[in-house]
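Remarks on the structure that follows.
The values are calculated or read from the model by the stated rules, or taken from the named source; none is laboratory data. For clarity, every value in this text was computed on a predicted model and none was experimentally measured. A quick note on method: Cβ atoms are made from the backbone with ideal geometry, for glycine too, and the neighbour counts reach across all protein chains shown.
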Amino acid sequence: MDKLKLHAPDKARENFEKLAELFPNAVTETIVDGEVVRAIDADVIRQEISAAVVEGPEERYQFTWPDKKKSVLLANAPISATLRPCREESEDFENTENLYIEGDNLDALKLLRETYLNRLKMIYIDPPYNTGKDFIYEDDFAEDSEEFLHRDGQFDEQGNRLTPNLNSNGRFHTDWLNMMLPRLRLARDLLKDDGVIFISIDDNEVENLKKVCNDVFGELNFEGHIHWRRRHNQPNDKTKMIGLVTEHILAYAKNSGLLRASGVGKIDLTGEFSNPDNDLRGDWASKPWKVGSDQSGSRYTITTPSGVVLDEEWMGEEATYMNLLMDNRIIFPRGGDGMPRKKYFKSEREEEGQCATNWWESTQFGHNQGANDCLTDLFGVKNVFSNPKPVELIRGLIQISGAKEKDIVLDFFSGSATTAHAVIQLNAERQSNLRFILVQLAENLDANLLKSSGKTKAQIQVSLDFLNSIGKPHAITEIGKERIRRAGKKVKEEIPLAKADLDTGFRVLKLDSSNMKDVYYTPDKYDHSLFDQLADNIKEDRTPEDLLFQVMLDLGVPLSSKIEQRDIGGKIVFFIDDNYLIACFESDISDDVIKEIAQLKPYYAVFRDSSFATDSVAVNFEQIFATFSPSTVRRVL
């Protein structure tokens, strides 16, 4: 039986192995820091691909900044961490397919990569805008790989990994780009081949964001630059010549061709509809039947009701025109003397929707004040969270992403959880079952936001008072989780046609150090007292369910999978998605328990290394499975 590795994959090693498989003759050895290591010979690669290879100081078109190479290495470096389930903070833990992950998003994305590689249809993020007042993630490039792998403390003394990025910082843009690049690289790995990412940003970093996205996703996969009017009123900003009323949303596909093939979604229908002729089919609008100046059509004559003969090029064949005329779908304005127009009915176009443009008006996609009012309505107090995004905006992005039934939407700067609210509302309206994964650092309100000019002291106190009123710790994550609970209840009340089984729940998973003990001691550090501690490699404070979720991460089993507990021979056994994964972490497991599990023929069977009652049971383990379920993949931890 094989041991689970129980750490995030080492992407740098994976990439090396891919190159070695493609070009085995390019694998060589060299000396790095006094040690002989395996390497790839660039000269051999150049010969094999018969193309120019740019290296060293040669001039080329590129976008770079200090520590860019280190941030790429950071994206690929493995970590020894896990996600621990928290049932008491979850909502409908047993049945929900939604996830709320609490912790640093870089580490969370690394853990998700194994399980959700190429599985997400849409990602939306609203990262820090780098205004000179924001907090950004401070990722440590100074650690060597071993220190990074075995790092146990994920956060600082305030429980976060954030640092203020003042515009007096000499690395102002550099630090922001070093934060964004590894996270975007990981995000791309998670997207389906026809997936799409939307990123909100303002004027401060929009140029740099577009360049780094071109670097990660490819310039050919740029899908558009949405200008969203976030303010519905006239600004009176005396500090700028041009008042800021819009924000930017950049859209990138993982593969634009495949996105087109799978179908781009439509936004809600807009326009003015009426029914002046009392048509039984309801309200309608019209468009010209004559082709435009840059179009071609079919030429024939049309006689208006007033007797005017028109010889023009028209939008459809004459037979099509006659059918539309008989169906009362052709009108002649100006009392029957105008050019013919084709009627289209609101009831028909609502199902089709309309194509999105790069200008998103606040009347359709919401604005800042409306988003604040939404939270005030949900929580009953003002200023609980600064500048949330409106539900209408995220709902529109989900629509145009083409997300369909069972697709997953990820937001790894989730803030007040607007994305979850939008997914729930859209599911209720469309009778669909989209799922969400949110990631948010448990940013301590009084430790961080009080230092930020984004909120006044009085506004911070409102947030703290609200959290005290619901008995929650002072963290942004608590506002997000409470928002999802209240939004789910409100959506069910306001949309009576919502499915009875509308999923408004979420599983809370918290980023933590590995469940495995740190057993990395040098020989001179060992003494006899350590042997008893190392007899079991699992940390004492970890539960069987903690171990289960680390196993699910390692084996690539979705973290929203159905979990069932059964009793087999007096032992608690976990069943994931029926018999796909069966796991038992109890002690003193007998041959009979193993035999009963083997007879169920799971795809995966996992046990603790110290689970077996005797050495003979451990020896018999493989033979029992070879007899009853030879195809089962067996693992121990």
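If I ask for residues that are over 11 Å from the mean Cα position of the chain (by Cα) and either farther than 30 Å from Phe172 by Cα or in a loop (DSSP other than H, G, I, E, B) (or both), which ones from the range 101-125 would you list?
The answer is Gly103, Asp104, Glu114, Thr115, Leu117, Asn118.
If you check Val606, Val593, which single one turns out to be at pLDDT 90 or above and within 19 Å of Met516 (Cβ to Cβ)? Spell out the reasoning first.
Details: Val593 fails: within 19 Å of Met516 (Cβ to Cβ).
Among Val606, Val593, only Val606 is at pLDDT 90 or above and within 19 Å of Met516 (Cβ to Cβ).
Determine which member of the set Arg260, Arg230 is of a type in the set (Lys, Arg) and out of contact with any Asp or Glu (no Cβ under 8 Å at 6 or more places or on another chain).
Details: Arg230 fails: out of contact with any Asp or Glu (no Cβ under 8 Å at 6 or more places or on another chain).
Among Arg260, Arg230, only Arg260 is of a type in the set (Lys, Arg) and out of contact with any Asp or Glu (no Cβ under 8 Å at 6 or more places or on another chain).
How about the range 372-410: which of its residues are charged (D, E, K, R), crowded, with 24+ Cβ neighbours inside 10 Å and free of Cβ contacts under 8 Å to residues at least 60 places away in the same chain? Break it down into steps so the answer makes sense when it comes.
Taking the range 372-410 first, the residues charged (D, E, K, R) are 373, 377, 382, 389, 392, 395, 404-407.
Within this subset, residues satisfying the condition of being crowded, with 24+ Cβ neighbours inside 10 Å are 389.
Result: no residue meets the conditions.
How do the helices (runs of 4 or more DSSP H) wholly within the range 346-432 filter down when requiring 2 or more residues that are at pLDDT 95 or above and of a type in the set (Val, Ile, Thr): which remain?
Numbers: elements: 346-352, 362-365, 368-379, 391-401, 418-430.
It comes to 391-401, 418-430.
Could you tell me whether the range 484-501 includes any residue that is at pLDDT below 90, among the basic types (Lys, Arg) and either closer than 17 Å to Phe379 by Cα or assigned to a helix (DSSP H, G or I) (or both)?
Looking through the range 484-501, none of the residues is at pLDDT below 90, among the basic types (Lys, Arg) and either closer than 17 Å to Phe379 by Cα or assigned to a helix (DSSP H, G or I) (or both).
Do we find a residue being without any contact (Cβ under 8 Å) to a residue 24 or more places away in the chain, within 29 Å of Ala458 (Cα to Cα) and out of contact with any Phe, Trp or Tyr (no Cβ under 7 Å at 6 or more places or on another chain) anywhere in the range 411-422?
Taking the range 411-422 first, the residues without any contact (Cβ under 8 Å) to a residue 24 or more places away in the chain are none.
No - not one qualifying residue is present in the range 411-422.
Would you check if there is a residue in the range 193-212 being in a helix (DSSP H, G or I), modelled with pLDDT of 95 or more and among the acidic types (Asp, Glu)?
yes
To keep it simple, each residue is scored yes or no on (1) buried (at least 24 other Cβ atoms within 10 Å of the Cβ); (2) more than 12 Å from Asp411 (Cβ to Cβ).
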position	(1), (2)
Phe93	no, yes
Thr115	no, yes
Tyr124	yes, no
Pro127	no, no
Gly132	no, yes
Asp139	no, yes
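Do you know which residues across the range 571-610 are basic (Lys, Arg) and in a strand (DSSP E or B)? If you could, list the steps in order and put the result at the bottom.
Taking the range 571-610 first, the residues basic (Lys, Arg) are 571, 595, 601, 608.
Passing the criteria: only Lys571.
Only residues that are modelled with pLDDT of 90 or more and of a type outside the set (D, E, K, R): list them for the range 270-284, please.
First, pick out the residues of the range 270-284 that are modelled with pLDDT of 90 or more: 274-284.
Matches in the range 270-284: Ser274, Asn275, Pro276, Asn278, Leu280, Gly282, Trp284.
Condition first: not in a loop (DSSP other than H, G, I, E, B) and not charged (D, E, K, R). Now tell me which residues in the range 433-447 satisfy that.
First pass over the range 433-447, keeping only residues not in a loop (DSSP other than H, G, I, E, B): 435-440, 444.
If the condition is that a residue be not in a loop (DSSP other than H, G, I, E, B) and not charged (D, E, K, R), then Phe436, Ile437, Leu438, Val439, Gln440, Asn444 are the ones that fit.
Any chance the range 503-512 includes a residue that's closer than 20 Å to Asp377 by Cβ and outside any strand (DSSP E or B)? Steps first, answer last, please.
Initial filter on the range 503-512 (closer than 20 Å to Asp377 by Cβ): 504.
From what's left, outside any strand (DSSP E or B): 504.
Checked the range 503-512: at least one residue is closer than 20 Å to Asp377 by Cβ and outside any strand (DSSP E or B).
Looking at Ser629, Ser587, which is the one that is buried (at least 16 other Cβ atoms within 10 Å of the Cβ) and among the small types (Gly, Ala, Ser)?
Working: Ser587 fails: buried (at least 16 other Cβ atoms within 10 Å of the Cβ).
So the residue among Ser629, Ser587 that is buried (at least 16 other Cβ atoms within 10 Å of the Cβ) and among the small types (Gly, Ala, Ser) is Ser629.
Confirm whether Glu147 is assigned to a helix (DSSP H, G or I) and either at pLDDT below 85 or touching an Asp or Glu at 6+ places or on another chain (Cβ under 9 Å) (or both). Before you say what the answer is, go through the steps one by one.
On the way: assigned to a helix (DSSP H, G or I): yes; either at pLDDT below 85 or touching an Asp or Glu at 6+ places or on another chain (Cβ under 9 Å) (or both): yes.
Yes, satisfied.
Regarding Ser463, is this residue closer than 25 Å to Leu166 by Cα and in contact with a Phe, Trp or Tyr (Cβ under 9 Å, 6 or more places away or on another chain)?
On the way: closer than 25 Å to Leu166 by Cα: yes; in contact with a Phe, Trp or Tyr (Cβ under 9 Å, 6 or more places away or on another chain): yes.
So Ser463 fits the description; yes.
Determine, yes or no, whether Asn221 is over 23 Å from Gly132 (Cβ atoms) and in contact with a Ser or Thr (Cβ under 9 Å, 6 or more places away or on another chain).
On the way: over 23 Å from Gly132 (Cβ atoms): yes; in contact with a Ser or Thr (Cβ under 9 Å, 6 or more places away or on another chain): yes.
In short, yes.
Looking only at the range 285-304, filter to residues that are of a type in the set (Ser, Thr, Tyr) and modelled with pLDDT of 90 or more; which one of those is farthest from Met322 (Cα to Cα)? Explain how you work it out, then say what you get.
Residues of the range 285-304 of a type in the set (Ser, Thr, Tyr): 286, 293, 296, 298, 300-301, 303-304.
Filter once more, so that each one left must be modelled with pLDDT of 90 or more: 286, 298, 300-301, 303-304.
Working: Ser286: 17, Ser298: 13, Tyr300: 12, Thr301: 12, Thr303: 12, Thr304: 13 Å.
Ranking the candidates gives Ser286 first.
Do we have Lys343 as of a type outside the set (A, V, I, L, M), buried (at least 16 other Cβ atoms within 10 Å of the Cβ) and modelled with pLDDT under 95 here?
Working: of a type outside the set (A, V, I, L, M): yes; buried (at least 16 other Cβ atoms within 10 Å of the Cβ): yes; modelled with pLDDT under 95: yes.
So Lys343 passes the test.
Table: residues versus (1) in contact (Cβ under 8 Å) with a residue 12 or more places away in the chain; (2) more than 30 Å from Glu312 (Cα to Cα); (3) surrounded by 14 or more Cβ atoms within 10 Å (Cβ to Cβ).
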position: Leu244; (1), (2), (3): yes, yes, no
position: His248; (1), (2), (3): yes, yes, yes
position: Ala251; (1), (2), (3): yes, yes, yes
position: Leu259; (1), (2), (3): yes, yes, yes
position: Ser262; (1), (2), (3): yes, yes, yes
position: Gly271; (1), (2), (3): yes, no, no
position: Ser274; (1), (2), (3): no, no, no
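Mind checking which residues of the range 9-44 are β-branched (Val, Ile, Thr) and surrounded by 11 or more Cβ atoms within 10 Å (Cβ to Cβ)? Give the derivation first.
Step one: list which residues in the range 9-44 are β-branched (Val, Ile, Thr), which gives 27-28, 30-32, 36-37, 40, 44.
Within the range 9-44, Val27, Thr28, Thr30, Ile40, Val44 meet the criteria.
Could you look through the range 611-637, keep only residues that are in contact (Cβ under 8 Å) with a residue 12 or more places away in the chain and in a loop (DSSP other than H, G, I, E, B), and pick out the one that is nearest to Leu553 (Cα to Cα)?
Top of the filtered list is Leu637.
Limited to the range 302-329, what total is found for residues that are over 20 Å from Gly292 (Cα atoms), in contact with a helix residue (DSSP H, G or I) (Cβ under 9 Å, 6 or more places away or on another chain) and of a type in the set (S, T, N, Q)?
1
Could you list, in sequence order, all residues of the range 20-60 that are more than 16 Å from Leu73 (Cβ to Cβ), modelled with pLDDT of 75 or more, of a type outside the set (Gly, Ala, Ser) and in contact with a strand residue (DSSP E or B) (Cβ under 7 Å, 6 or more places away or on another chain)?
Val27, Thr28, Glu29, Thr30, Arg38, Asp41, listed by residue number.
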